[in-house]
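The values are calculated or read from the model by the stated rules, or taken from the named source; none is laboratory data. Only a predicted model underlies this, so the values are computations on that prediction, with no experimental measurement involved. Quick reminder, even Gly has a Cβ in these numbers, built from the backbone with ideal geometry, and neighbours come from all protein chains shown. For the accessible areas, the whole protein counts, side chains as well, though only heavy atoms, and no ligand, DNA or RNA atoms are used. Shrake-Rupley method; radii C 1.70, N 1.55, O 1.52, S 1.80 Å.
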Amino acid sequence: MVEGEGEEVTFREDGHAAVDWAADYLERIGELPVLAQVRPGEIRARLPESPPEQGEPFGAVLRDLDEVLLPGITHWQHPRFFAYFAVSAAEPGILAELLAATLNSVAILWRTAPAATELEVTALDWVAQLLGVPRDWHGHIEDTASTSTLAALVAARHATGRNVVVCSEHAHSSVEKDARMLGMELRKAPVDDAFRMLPDALGELDDVAAVVATVGTTSAASVDPVAAIADRCAAGGAWLHVDGAYAGSAMVCPELRWAFDGVERADSLVVNAHKWLFTPMDCSLLWTSRPDAFREAFSLVPEYLRTTDEAAFNISEYGPALGRRFRSLKLWAILRCYGAEGLRARIREATRLAELFEGWVRDEAGWELCAPRHFSLVCFRAEGSDEENEALLERANASGELFVSHTKLNGRYVLRLAVGNERTTEADVRRAWDVLRDLR
Ligand SMILES: Cc1ncc(COP(=O)(O)O)c(C=O)c1O
């Protein structure tokens with residue numbers, strides 16, 4: 001980059017070019033193959049082995065983004081990305097990321113980032129209101145649900161003095177990984193025929209630090225009966241952590257709120273704004289009804305971080321990280337630009353499209369639905385063996401037309417179609433269905 005007077009002009013021009021690139025990309029994304037059509041190592045082989053000795057213009061970065069990297073991008077923003085949990089990085093969030101990087105606020109303490117700290121508290125309070133989370137809970141942002149759950153388990157162990165975690169066999173693998181990292185014992189509870197945790201199978205919970213209930217499991221988007229689990233936790237003195245990483249965002253719609261029944265009795269709750277609240281990765285929202293337990297578990301203020309800011313609130317005392325980036329800016333931008341109405345409309349449209357797809361599968365001979373559908377995930381398979389379904393998935397993804405993923409339910413290979421990208425239209429879902437039927 002040129003130094004001196006020219007620098008501002010260069011930054012502005014490069015910035016315009018970068019925003020043009022982003023706008024062009026989002027306009028043409030539907031024409032690109034959804035799943036990167038490259039082999040492992042192919043992109044690495046195209047990159048220079050060493051960094052340049054002399055700096056290059058930013059235009060060279062944009063050129064290589066197009067020519068070298070783009071073929072190796074799996075397009076999560078594509079309207080026919082239906083794998084895992086489909087997500088969107090909405091435009092206000094994309095722009096806010098640019099601004100957050102520009103400010104580079106590092107919220108190690110309130111005084112190093114008063115606005116970032118207070119906007120985070122406000123944004124979490126706003127989302128709490130939208131989702132029906134009690135407003136007096138403490139909320140802050142972690143990078144991912146894996147970290148949010150890790151933090152909750154740390155607080156639970158600290159508060160209870162116990163070392164056992166219980167979740168259902170359909171809980172996300174992050175629960176098991178977190179327990180393993182913490183050296184905690186994990187017990188898996190069985191589920192019913194709709195993949196919901198069976199509260200009666202939980203036992204006494206007298207030695208259990210935390211039970212993790214899931215609202216919207218990864219495989220099937222099933223909803224554990226949180227209220228009944230809360231009863232068991234209360235009786236056994238166990239911490240209740242609710243994983244609403246995916247489906248939690250759907251609580252903006254009153255007709256879907258039934259799934260949060262009992263969540264108000266939880267000790268902690270995670271909802272990923274980067275999953276279904278249109279926020280660019282990463283932005284995991286973690287609330288707790290027991291902020292003191294978090295603070296006791298995490299607060300460690302060395303001399304160099306002591307300040308005279310009385311009544312200041314340091315979010316770093318409530319979680320594992322010291323340095324925190326300004327993630328609330330993108331969330332706030334989305335809440336402002338979409339409003340509650342815009343969020344509800346998008347969640348409802350994704351759910352409607354999933355329901356439509358579900359109906360096509362139900363009505364077509366030779367296909368079957370494999371789990372009840374509550375939100376925007378459809379679990380289904382074609383008649384035939386697991387191997388035939390797996391081969392179908394591989395053919396569909398290799399076509400570049402769509403990207404779907406799979407799971408196993410009741411020991412059988414099942415295809416998952418998750419709607420969640422805000423650009424997905426009825427025509428996209430129809431095309432996905434046509435491709436799957438044609439390739440069968
Ligand atoms: C229910 C659930 N919990 C947790 C996670 C982990 O999310 P993250 O990638 O933010 O750690 C996922 C990921 O898909 C999930 O579906």
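Listed conditions (1) farther than 24 Å from Leu369 by Cβ; (2) touching a strand residue (DSSP E or B) at 6+ places or on another chain (Cβ under 7 Å) are all met by Ala227, apart from (2).
Restricting attention to region 53-81, which residues are under 30 Å from Val419 (Cβ atoms) and among the acidic types (Asp, Glu)?
Asp66
Please work out if Ala396 is buried (at least 18 other Cβ atoms within 10 Å of the Cβ), outside any helix (DSSP H, G or I) and in contact (Cβ under 8 Å) with a residue 24 or more places away in the chain. Judged against the criteria, Ala396 is not a match.
Let's see how each residue does on (1) touching a Gly at 6+ places or on another chain (Cβ under 8 Å); (2) among the β-branched types (Val, Ile, Thr):
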residue	(1), (2)
Asp231	no, no
Ala245	yes, no
Ala259	yes, no
Val263	yes, yes
Leu269	yes, no
Asp292	no, no
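Could you list, in sequence order, the residues of region 254-305 that are away from the ligand (no atom under 16 Å from the Cβ), under 28 Å from Thr112 (Cβ atoms) and either touching a strand residue (DSSP E or B) at 6+ places or on another chain (Cβ under 7 Å) or not in a loop (DSSP other than H, G, I, E, B) (or both)? Correct list: Thr288, Pro291, Asp292, Ala293, Phe294, Arg295, Glu296, Ala297, Phe298, Glu303, Tyr304, Leu305. Scanning region 418-440 for residues being among the aromatic types (Phe, Trp, Tyr) and either farther than 14 Å from Val361 by Cα or buried (at least 21 other Cβ atoms within 10 Å of the Cβ) (or both) gives a total of 0.
Residue count for region 327-343 satisfying the condition of being open to solvent by 20 Å² or more (accessible area, probe 1.4 Å) and within 22 Å of Ser146 (Cα to Cα): 2. Say whether the condition of being open to solvent by less than 30 Å² (accessible area, probe 1.4 Å), among the small types (Gly, Ala, Ser), closer than 20 Å to Gly420 by Cα and free of Cβ contacts under 8 Å to residues at least 40 places away in the same chain is met by at least one residue in region 21-39. Yes, region 21-39 contains at least one residue that is open to solvent by less than 30 Å² (accessible area, probe 1.4 Å), among the small types (Gly, Ala, Ser), closer than 20 Å to Gly420 by Cα and free of Cβ contacts under 8 Å to residues at least 40 places away in the same chain. Answer yes or no: is there a residue in region 310-322 that is assigned to a helix (DSSP H, G or I), within 21 Å of Gly93 (Cα to Cα) and either touching a Gly at 6+ places or on another chain (Cβ under 6 Å) or aromatic (Phe, Trp, Tyr) (or both). There is no residue in region 310-322 that is assigned to a helix (DSSP H, G or I), within 21 Å of Gly93 (Cα to Cα) and either touching a Gly at 6+ places or on another chain (Cβ under 6 Å) or aromatic (Phe, Trp, Tyr) (or both).
Yes or no: Trp258 aromatic (Phe, Trp, Tyr) and open to solvent by 20 Å² or more (accessible area, probe 1.4 Å)? The answer is yes for Trp258.
For Ala171, the conditions (1) small (Gly, Ala, Ser); (2) in a strand (DSSP E or B); (3) within 15 Å of the ligand (Cβ to nearest atom) all hold with the exception of (2).
Closer than 15 Å to Leu269 by Cα, within 16 Å of the ligand (Cβ to nearest atom) and either free of Cβ contacts under 8 Å to residues at least 24 places away in the same chain or open to solvent by less than 50 Å² (accessible area, probe 1.4 Å) (or both): is that true of Ala151 in this structure? Here the answer is yes, as Ala151 does meet what is asked. For region 204-220, the criterion of being away from the ligand (no atom under 15 Å from the Cβ), more than 26 Å from Asp143 (Cα to Cα), in contact with a strand residue (DSSP E or B) (Cβ under 6 Å, 6 or more places away or on another chain) and not in a helix (DSSP H, G or I) is met by at least one residue.
Evaluation of Ser222 against the conditions (1) farther than 30 Å from Val378 by Cβ; (2) in contact with a Lys or Arg (Cβ under 8 Å, 6 or more places away or on another chain) shows that the sole unmet condition is (1). Among residues of region 226-253 being within 16 Å of the ligand (Cβ to nearest atom) and in a strand (DSSP E or B), the one that is farthest from the chain's Cα centre (by Cα) is Leu240.
The set of residues in region 261-288 that are within 23 Å of Arg196 (Cβ to Cβ) and open to solvent by 10 Å² or more (accessible area, probe 1.4 Å) comprises Asp261, Glu264, Arg265, Asp267, Lys275. Which is in a loop (DSSP other than H, G, I, E, B), surrounded by 16 or more Cβ atoms within 10 Å (Cβ to Cβ) and more than 10 Å from the ligand (Cβ to nearest atom), of Arg162, Arg157, Arg135? Among Arg162, Arg157, Arg135, only Arg162 is in a loop (DSSP other than H, G, I, E, B), surrounded by 16 or more Cβ atoms within 10 Å (Cβ to Cβ) and more than 10 Å from the ligand (Cβ to nearest atom).
Apart from one condition, Leu415 fits all of (1) in contact with a strand residue (DSSP E or B) (Cβ under 8 Å, 6 or more places away or on another chain); (2) surrounded by fewer than 21 Cβ atoms within 10 Å (Cβ to Cβ); (3) without any contact (Cβ under 8 Å) to a residue 60 or more places away in the chain; the exception is (2).
With respect to (1) surrounded by 19 or more Cβ atoms within 10 Å (Cβ to Cβ); (2) within 19 Å of Tyr84 (Cβ to Cβ), the lone exception for Glu390 is condition (1). Of the residues making up region 344-376, just one is touching a strand residue (DSSP E or B) at 6+ places or on another chain (Cβ under 6 Å), surrounded by fewer than 21 Cβ atoms within 10 Å (Cβ to Cβ) and closer than 19 Å to Asn421 by Cβ, namely Glu358. For region 71-117, the set of residues classified as over 21 Å from Ser284 (Cα atoms), open to solvent by 50 Å² or more (accessible area, probe 1.4 Å) and either among the aromatic types (Phe, Trp, Tyr) or not in a helix (DSSP H, G or I) (or both) consists of Ile73 only.
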